[in-house]
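A short worksheet on the structure shown next.
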Amino acid sequence: FQLNQDKTNFATLRNIQGLHAPLKLQMEFRAVKQVQRLPFLHSSNIALDTLRGNEECISFEDILNDPSQSEVMGEPHMMMEYKLGLL
(Lines give C-alpha, C1' and ligand atoms only; values in the text may rest on other atoms or scores of the structure.)
Protein backbone atom coordinates (compact mmCIF):
# COMPACT_ATOMS: atom_id res chain seq x y z
CA PHE A 1 0.00 0.00 0.00
CA GLN A 2 2.75 2.44 0.98
CA LEU A 3 4.68 1.80 -2.26
CA ASN A 4 1.63 2.59 -4.41
CA GLN A 5 0.90 5.68 -2.35
CA ASP A 6 4.51 6.88 -2.77
CA LYS A 7 4.33 6.33 -6.54
CA THR A 8 1.11 8.33 -6.74
CA ASN A 9 2.60 11.15 -4.67
CA PHE A 10 5.74 11.22 -6.84
CA ALA A 11 3.65 11.36 -10.03
CA THR A 12 1.58 14.20 -8.63
CA LEU A 13 4.71 16.09 -7.57
CA ARG A 14 6.23 15.61 -11.01
CA ASN A 15 3.13 16.97 -12.73
CA ILE A 16 2.86 19.98 -10.42
CA GLN A 17 6.47 20.97 -9.67
CA GLY A 18 8.55 19.24 -12.33
CA LEU A 19 11.09 16.44 -12.32
CA HIS A 20 13.32 17.84 -9.58
CA ALA A 21 10.74 17.54 -6.75
CA PRO A 22 10.27 13.73 -6.76
CA LEU A 23 13.99 13.19 -7.33
CA LYS A 24 14.88 15.33 -4.32
CA LEU A 25 12.29 13.56 -2.18
CA GLN A 26 13.55 10.13 -3.24
CA MET A 27 17.12 11.10 -2.34
CA GLU A 28 15.91 12.25 1.08
CA PHE A 29 14.03 8.94 1.56
CA ARG A 30 17.20 6.98 0.76
CA ALA A 31 19.30 9.07 3.13
CA VAL A 32 16.77 8.63 5.96
CA LYS A 33 16.47 4.87 5.41
CA GLN A 34 20.26 4.43 5.67
CA VAL A 35 20.40 5.96 9.15
CA GLN A 36 19.66 3.22 11.65
CA ARG A 37 20.05 2.59 15.33
CA LEU A 38 21.89 -0.37 16.77
CA PRO A 39 20.03 -3.65 16.13
CA PHE A 40 18.92 -4.07 19.75
CA LEU A 41 17.37 -0.58 20.03
CA HIS A 42 13.88 0.26 18.86
CA SER A 43 13.63 2.93 16.15
CA SER A 44 10.53 5.03 15.60
CA ASN A 45 11.57 6.20 12.09
CA ILE A 46 10.20 9.66 12.82
CA ALA A 47 12.24 11.23 10.00
CA LEU A 48 10.64 8.90 7.44
CA ASP A 49 7.18 9.59 8.84
CA THR A 50 7.85 13.33 8.62
CA LEU A 51 8.91 13.08 4.96
CA ARG A 52 5.78 11.09 4.13
CA GLY A 53 3.53 13.43 6.12
CA ASN A 54 2.42 10.71 8.55
CA GLU A 55 3.81 12.25 11.74
CA GLU A 56 0.38 13.49 12.83
CA CYS A 57 -1.52 10.30 11.99
CA ILE A 58 -2.18 7.55 14.53
CA SER A 59 -1.92 4.15 12.89
CA PHE A 60 -1.89 0.48 13.84
CA GLU A 61 1.87 0.48 14.47
CA ASP A 62 1.67 3.43 16.85
CA ILE A 63 -0.63 1.60 19.26
CA LEU A 64 0.22 -2.10 18.91
CA ASN A 65 3.95 -1.84 18.21
CA ASP A 66 5.16 -1.89 21.82
CA PRO A 67 9.00 -1.98 21.87
CA SER A 68 9.06 -3.86 25.18
CA GLN A 69 7.26 -6.78 23.49
CA SER A 70 9.45 -6.70 20.40
CA GLU A 71 11.29 -9.81 19.23
CA VAL A 72 14.29 -7.60 18.45
CA MET A 73 15.18 -7.16 22.11
CA GLY A 74 18.02 -9.43 23.11
CA GLU A 75 21.63 -9.57 24.20
CA PRO A 76 23.23 -6.40 22.74
CA HIS A 77 26.74 -7.85 22.39
CA MET A 78 25.54 -10.99 20.61
CA MET A 79 23.36 -8.98 18.22
CA MET A 80 26.21 -6.62 17.28
CA GLU A 81 28.63 -9.51 16.78
CA TYR A 82 26.06 -11.23 14.52
CA LYS A 83 25.52 -8.03 12.52
CA LEU A 84 29.28 -7.54 12.09
CA GLY A 85 29.74 -11.18 11.07
CA LEU A 86 31.83 -12.20 14.06
CA LEU A 87 29.55 -15.11 15.01
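The values are calculated or read from the model by the stated rules, or taken from the named source; none is laboratory data. What you are looking at is a predicted structure, and each value in this text was computed from that prediction instead of being measured. All Cβ positions, even for glycine, are placed from backbone atoms using ideal geometry, and neighbour counts span all protein chains on display. Only protein heavy atoms, including side chains, enter the accessible area calculation; ligands, DNA and RNA are left aside. Shrake-Rupley method; radii C 1.70, N 1.55, O 1.52, S 1.80 Å.
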- line: If we keep only residues of the stretch 1-51 that are open to solvent by 90 Å² or more (accessible area, probe 1.4 Å) and part of a loop (DSSP other than H, G, I, E, B), then the residue nearest to residue 61 (Cα to Cα) is 1
query: Of these, 65, 54, which one is within 21 Å of residue 5 (Cβ to Cβ), surrounded by 12 or more Cβ atoms within 10 Å (Cβ to Cβ), at pLDDT 80 or above and of a type outside the set (Phe, Trp, Tyr)?
result: 54
